[in-house]
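Below you'll find the structure, written out as structure tokens, and then a few comments.
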Amino acid sequence: MELYDQVLEAVQAIQTRTSLKPEVGVILGSGLGDLATEIAEPAIVPYADIPHFARSTVKGHAGRLIIGLLENVPVVAMQGRFHLYEGYHLQVLTLPVRVMRQLGAHTLIVTNAAGGVNPAYRPGDFMLIRDHINMPGLAGANPLLGPNDERFGGRFAMQGCRC
């Protein structure tokens, strides 16, 4: 089954649980999973109920997609994620972002536990990462490898990006 068809199948399964069209996608990384409790009128979908979604094996990652309102903004949030080091291929890891976009999200917020070399940073400080070194990319690992499927848009298109 093609990736596009997998995305549509996942979207259809999610849409059986809610009619809300999210504007913002949020990937809640380590330490921020509890933010999901702030989402009002939540439709909660375990990853196991979403076709083609991987399972998170990391402690503290709930493995649920939550669609609802956060500060009156329609959101779709991943409460926990899955990782390359868990043995998943990059296309599997990026599938939820494609699903969020097909659900309607035009803005993506990704959170994680990150370290820094600035001695003024303390555990729990918030940082905005504006760029990074894509270490897997240096070894040729990239979810955009292969032919581009125009149904997702241009390969490098920043459709609706508020960068």
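Values computed for the structure shown
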quantity: Tally, over region 1-38, of residues that are farther than 12 Å from Met78 by Cα and outside any helix (DSSP H, G or I); calculated: 11
quantity: Top-ranked residue in region 58-98 [being exposed (fewer than 14 other Cβ atoms within 10 Å of the Cβ) and among the small types (Gly, Ala, Ser); ranked as nearest to Phe152 (Cα to Cα)]; calculated: Gly87
quantity: Region 62-81 residues that are farther than 15 Å from Ala13 by Cβ, paired with ones that are among the acidic types (Asp, Glu) and in a strand (DSSP E or B) (beta carbon under 7 Å, 6 or more apart); calculated: Gly68/Glu41; Leu69/Glu41
quantity: Selection within region 19-37 - touching a Leu at 6+ places or on another chain (Cβ under 9 Å) and either surrounded by 15 or more Cβ atoms within 10 Å (Cβ to Cβ) or farther than 21 Å from His106 by Cα (or both); calculated: Leu20, Pro22, Val24, Gly25, Val26, Ile27, Leu28, Asp34, Leu35, Ala36
quantity: Residue in region 66-85 that is modelled with pLDDT under 85, out of contact with any Lys or Arg (no Cβ under 8 Å at 6 or more places or on another chain), part of a helix (DSSP H, G or I) and farther than 18 Å from Ser19 by Cα present; calculated: yes
quantity: Residue check for Gly80: under 30 Å from Ile44 (Cβ atoms) and in contact with a Ser or Thr (Cβ under 8 Å, 6 or more places away or on another chain); calculated: yes
quantity: Tabulated pairs, region 116-128, first farther than 16 Å from Gly31 by Cα, second surrounded by 10 or more Cβ atoms within 10 Å (Cβ to Cβ), C-beta under 8 angstrom, 6+ apart or interchain; calculated: Gly116/Met127; Tyr121/Met127
quantity: Candidates Ala62, Ala54, Ala48, filtered to the one that is over 19 Å from Gln102 (Cα atoms) and part of a loop (DSSP other than H, G, I, E, B); calculated: Ala62
quantity: Residue within region 89-97 that is hydroxyl-bearing (Ser, Thr, Tyr), in contact with a Gly (Cβ under 7 Å, 6 or more places away or on another chain) and touching a residue at least 12 places away in the same chain (Cβ under 8 Å) present; calculated: no
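The values are calculated or read from the model by the stated rules, or taken from the named source; none is laboratory data. Keep in mind that what you see is a predicted model, and the values were worked out from it rather than measured. Virtual Cβ from ideal backbone geometry, glycine too; neighbours counted across all protein chains shown.
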